[in-house]
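I have placed the structure first, in the form of structure tokens, so that the comments after it can refer back to it.
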Amino acid sequence: QLVESGGGLVQAGGSLRLSCAASGRTFSRYTMGWFRQAPGKERENVAAIRSSGGSTYYADSVKGRFTISRDNAKNTMYLQMNTLKPEDTAVYYCAAGYGIILSMIRTDRAYDYWGQGTQVTVSS
């Protein structure tokens, strides 16, 4: 089970940190990802992180502004979002997948488990 938290309303230029808490004892074996879906748009990957945390991947639209990280001892993944823009407004989802090949790491169908989502709204 994955549970996101930390969403909310923030002004443009502000920051938020999302958390994704996972249950179970195998969290450290999973590749994790953050996805988002804005109204009327398809779900898109924002960032992904390998099981060890040693490799991270970002969408071009968030590079330099967002940072994905994980604490395997706490079974938790994070997304630090800085310099937020109105176009970052969306429902953000965390996801977990096992054995994802690199070419699929930013593809939603590669992930097996999903959280319920948390709303992020950035006002202009």
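The values are calculated or read from the model by the stated rules, or taken from the named source; none is laboratory data. Please read all numbers here as calculations on a predicted model, not as lab measurements. Neighbour counts are summed over all protein chains in view; Cβ atoms, including those assigned to glycine, are modelled from backbone coordinates with ideal geometry. Areas reflect the complete protein model, heavy atoms only, side chains present, ligands, DNA and RNA absent. Shrake-Rupley method; radii C 1.70, N 1.55, O 1.52, S 1.80 Å.
Here is the tail figure for the range 66-124: Cα pairs spaced more than 16 Å apart come to 58 percent of all pairs.
Its residue count N fixes a reference of 2.2 N^0.38 Å for the range 1-100, and the Cα radius of gyration divided by that reference is 1.03.
Looking at the chain, the accessible area is 52 square angstrom per residue; that uses a 1.4 Å probe and ignores ligands, DNA and RNA. The accessible surface of the range 13-103, taken with every protein chain in place and a 1.4 Å probe, is 46 percent carbon and sulfur. Computed from backbone phi, the HN-Hα couplings of the range 107-123 come to 10, 5, 6, 7, 9, 9, 10, 9, x, 8, x, 9, 7, 10, 10, 10, 8 Hz, rounded to whole numbers (Karplus: 6.51 cos²θ - 1.76 cosθ + 1.60, θ = phi - 60°; Gly and Pro given as x).
Using Cβ point charges alone (K and R +1, D and E -1), the dipole size of the chain about the Cα centre works out to roughly 260 debye.
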